[in-house]
1. Those residues that are within 14 Å of the ligand (Cβ to nearest atom) and in a loop (DSSP other than H, G, I, E, B), I need them from segment 203-212; list them, please.
2. Report yes if K203 is basic (K, R) and touching a residue at least 60 places away in the same chain (Cβ under 8 Å), otherwise no.
3. Would you confirm, using the coordinates I've provided, whether D29 is in a helix (DSSP H, G or I), at pLDDT below 95 and more than 16 Å from the chain's Cα centre (by Cα)?
4. Any residue at all in segment 206-217 that's modelled with pLDDT of 95 or more and over 30 Å from K303 (Cβ atoms)?
5. Kindly evaluate K285 against the criterion of being of a type in the set (K, R) and touching a helix residue (DSSP H, G or I) at 6+ places or on another chain (Cβ under 7 Å).
6. Among all residue pairs at least 6 apart or on different chains, which show Cβ distances below 9 Å where the first residue, located in segment 224-241, is under 14 Å from G257 (Cα atoms) and the second is in a strand (DSSP E or B) and among the acidic types (D, E)?
7. Could you tell me which residue of segment 108-118 is farthest from T142 (Cα to Cα), considering only residues that are surrounded by fewer than 24 Cβ atoms within 10 Å (Cβ to Cβ) and either touching a Gly at 6+ places or on another chain (Cβ under 7 Å) or not acidic (D, E) (or both)?
8. Looking at segment 213-330, what helices (runs of 4 or more DSSP H) fall wholly within it and have at least 1 residues that are away from the ligand (no atom under 16 Å from the Cβ) and surrounded by fewer than 23 Cβ atoms within 10 Å (Cβ to Cβ)?
Amino acid sequence: MKRRDFIKNTSLTGLGFAVGNALVNSNEDIAKTHKAQNHNAASNSYGLPLVVATWHVKNATAKAMEILQAGGNALDAVEQGCRIEEADAKGQTVGKGGLPDRDGNVTLDASIMDKDGNCGSVVYLQNITHAVSVARKVMEDTPHVMLAGEGAKQFAISKGFEPENLLTEASKNAWQKWKVKAQYQPIINIENHDTIGMLAIDKNGDISGACTTSGLAYKMGGRVGDSPIIGSGLFIDNEIGGCVATGLGEEVVKTVGSFLVVELMRQGKTPQQACEEAIRRIVTKPNSNYKNFQVGYVAVNKKGETGYYSIHQYFSVTKYQDGVNVQIQSDYFNKA
Ligand code: ASP
């Protein structure tokens with residue numbers, strides 16, 4: 001089942017901010033997952049190279065692993081992996097076919113970060129499918145970190161990206177249906193979301209990450225989420241590890257979530273402990289209405305240990321490690 005189908009089926013409340021992925025793991029998958037975390041005492045690592053990503057994106061993790069297994073680096077792996085989801089017009093959360101804002105405009109946010117701490121991002125990018133690759137060009141070919149809107153689009157065109165209409169018939173129809181009944185209030189916790197955030201460690205033990213999204217469906221025009229904000233939707237420190245986020249970007253930005261997770265790992269926490277602490281910072285805020293939204297973190301440390309945690313409901317993570325490409329359900333805060 002696709003992410004969106006699950007979203008429709010799992011409204012948390014009447015106005016619930018529904019998230020997740022319905023593909024439940026088989027016991028076999030779970031067993032394989034545990035196997036994939038087996039420690040290699042000789043190298044003090046956990047099955048490298050590895051790829052781990054938000055949501056059910058097995059084709060994307062497979063592409064990234066293909067690059068890593070051929071000796072490619074983690075940066076190429078995360079870019080190429082994310083491009084698989086961006087090109088999939090059936091996926092309504094990323095790239096082509098992404099659900100539009102409330103005015104019917106598809107606007108993309110993306111970021112990328114490499115082992116040397118270089119990073120690039122694009123915000124409010126229109127008409128260009130591969131936002132993650134534009135982010136990489138920003139990183140490599142400009143003195144800047146972030147380009148927005150029309151400037152980002154013109155830059156992309158100057159680099160040879162072809163402008164195209166990203167609003168598919170299916171997404172247009174969904175938006176038109178939404179418009180009929182929407183009594184839009186400028187709050188974002190009733191909207192749908194999904195993002196691909198991907199982390200990879202290559203055979204040299206170097207880490208890179210990327211994140212790409214069409215953001216919250218039916219968001220206000222001009223809204224930007226956490227995904228292109230370095231330190232919020234994505235952060236890499238090659239000495240320590242990396243983290244990517246999905247969910248209600250506003251809550252991630254307010255706690256600088258991915259940077260927080262990496263810093264917690266620097267202080268000695270495992271990826272799992274660090275993700276749990278970062279979620280705790282959100283849910284323990286005064287008057288947090290966390291039961292009405294979702295945030296999920298995926299983290300990896302230098303050894304190849306992984307962690308994932310979310311709020312109120314699980315989210316799906318895809319991990320490719322030790323020859324196994326598997327979907328996992330995260331644990332979550334408030335689990336009964
Ligand atoms: N984090 C993204 C945003 O707030 C949404 C998502 O994860 O789908 O734009």
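1. Scanning segment 203-212 gives no hits.
2. Considered against the rule, which asks whether it is basic (K, R) and touching a residue at least 60 places away in the same chain (Cβ under 8 Å), K203 comes out as yes.
3. Details: in a helix (DSSP H, G or I): yes; at pLDDT below 95: yes; more than 16 Å from the chain's Cα centre (by Cα): yes.
Taking the combined requirement at face value, the residue satisfies it.
4. no
5. On the way: of a type in the set (K, R): yes; touching a helix residue (DSSP H, G or I) at 6+ places or on another chain (Cβ under 7 Å): no.
No: the conditions fail for K285.
6. Qualifying pairs under 9 Å: G225/D109; D226/D109; S227/D109; P228/D109; I229/D109; G233/D109.
7. By that ranking, first place goes to K115.
8. The qualifying helices (runs of 4 or more DSSP H) are 257-266, 271-283.
The values are calculated or read from the model by the stated rules, or taken from the named source; none is laboratory data. Owing to the predicted nature of the structure, the values given are computational and were not obtained by experimental measurement. Cβ coordinates were reconstructed from backbone atoms using ideal geometry, including for glycine residues, and neighbour counts include every protein chain displayed.
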